[in-house]
Amino acid sequence: MRVARAPLGRLTACMAQLPDFLVIGAKRAGTTSLYRYLADHPDVRSTRLFKGSHYFDVRYDRPWWWYRSCFPLRRPPAALTGEASPYYMFHPLAPGRIATSLPRVRMIALLRDPVERAYSQWSFERRNGHETLDFEAAVAAEPCRLAGEVERMLAEPGYESFALRHHGYLARSRYGEQLSRLYTHVDPTRVLVLQSERLSRNPADELARAWAFLGLPPHEPAPLRLDAAPPAPPLAADVRMRVAALLAPDVERLVRLPRVDVCWPGYPAVEDARS
C-alpha cells in the first residue's frame, strides 16, 4: 500500500521566512522594477515566485502553508524577504487580511501620475484582450461596470470581480481613497509612499528612502533590463485635462495624508502642498 506524501512546500513551510515587506501597488506604476531593485540588495532574498503570490487578494482560499512556502527557508545570516502584488492596495479585503496575518510587515506603495497610470492600465488591458472600448469610453463606462462590485466582494469574500480588477481605471488611480482605507488597518509609519517618476529618473535617491525604511544599509542599484511594452499613442491634452478633473478631488485627499510627498504637474492640490 502506497502512502501519499505531503507536498514538499507543505513539509517545509514551517521553516520558511515570513515576508518583512510587501510592495502593495499601484498597478502600472513600476512595481516590477521596484521589486527587482529591492531583490538586488545583498540583504534581501527574493520569493520563489516571479515577484508576488497574490495570496491576500485572489488566492486567499489557499492554505497558510502555501503562502509560507512562497518564501525562502530561514537561514543565517539574517536577511529580509518580501513580495510585490500590486492588487493588494486596491483590493477591498486585502489590507485587513494583511494586518491580521502579518501585523509587523512593512508596506511600500509606488504611485504614478493618476492619469498616466489609468491610461497605461487601459492600454495594458487592450493588449491583453480585456478591453474593447477607447479610453474615454472606458472611463465613462467605469461607474456602471463597477457598480455593486465592492459591496458583493465584502458580502462574498470568495467572489472575484473581473470588472474591479481589469476595468477600474480611475478607481485604481484614487490613491487617497486606497491609502485612507489602508490606514484604518495599519499605522501610517509602517507604509512608505514612493513616486514612480522619481524612481525612473533617479533610482538611487528613491531607493535610499526604501533602504532606510527597511533598515537596510545603502546599496547602489544595478541597471535593470526590462522588456518594454509597445508605447500607447500619446494621450490628447484635452482628454488628459478632463480625466485629471475627475481625479482632482482624490489627489487633494491624497496630499493631506501623512507621509505623502508627490510632485505631479497640473494638479492644483499638489502644487499648493509644495508651495
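Quick note: the coordinates plus some simple rules give every number you see, no bench work behind them. Remember, it's a predicted structure, so these values are computed and weren't measured experimentally. Because the Cβ atoms are built from the backbone with ideal geometry, glycine has one as well, and the counts that use them run over all protein chains shown.
Looking at the square roots a ≥ b ≥ c of the eigenvalues of the Cα gyration tensor of region 130-190, which shape do they give, rounded for a/c under 1.5, prolate if a/b is larger than b/c, or oblate? Oblate shape, in that a/c is at least 1.5 and b/c is the bigger or equal ratio.
Where only DSSP H runs of four or more residues are counted, the chain gives -12000 deg cm²/dmol as its mean residue ellipticity at 222 nm, each run worth -39500 (n - 2.57). Charge dipole of the chain (Cα centre as origin; +1 on each Lys and Arg Cβ, -1 on each Asp and Glu Cβ, all else neutral): 1240 debye, rounded to the nearest 20.
As a length-normalised measure over Cα pairs under 8 Å and 6 or more apart, the relative contact order of the chain settles at 22 percent. Calculated over the chain, the projected area of the Cα convex hull averaged across directions stands at 17.2 nm². Panel values: region 159-246, Kirkwood radius from alpha carbon pairs, Stokes-Einstein at 25 °C and 0.890 mPa s, translational diffusion coefficient 147 µm²/s. Positive-end ranking of Ala26, Ala141, Ala78 along the dipole of the chain, with charges on Cβ about the Cα centre, is headed by Ala78. Size descriptors for region 80-129, from the alpha-carbon set: Rg then Dmax equal 13.9, 39 Å.
Cα centroid separation, region 189-217 to region 152-180: 26 Å.
Could you calculate the contour length gain from Cys144 to Ala79, that is, 0.36 nm times the residue separation minus the distance between their Cα atoms, to one decimal place in nm? Don't skip to the answer; put the middle values down first.
Details: separation 65, 0.36 × 65 = 23.40 nm, distance 4.62 nm.
Length gained between Cys144 and Ala79: 18.8 nm.
Of Met89, Met153, Met241, the sequence from fewest to most neighbouring Cβ atoms within 10 angstrom is Met241, Met153, Met89.
In debye to the nearest 20, how big a dipole does region 1-147 give about its Cα centre with +1 on each Lys and Arg Cβ and -1 on each Asp and Glu Cβ? Don't skip to the end; give the middle numbers.
Details: 22 positive and 13 negative charges, 196 e Å.
Once rounded to the nearest 20, the dipole reads 940 debye.
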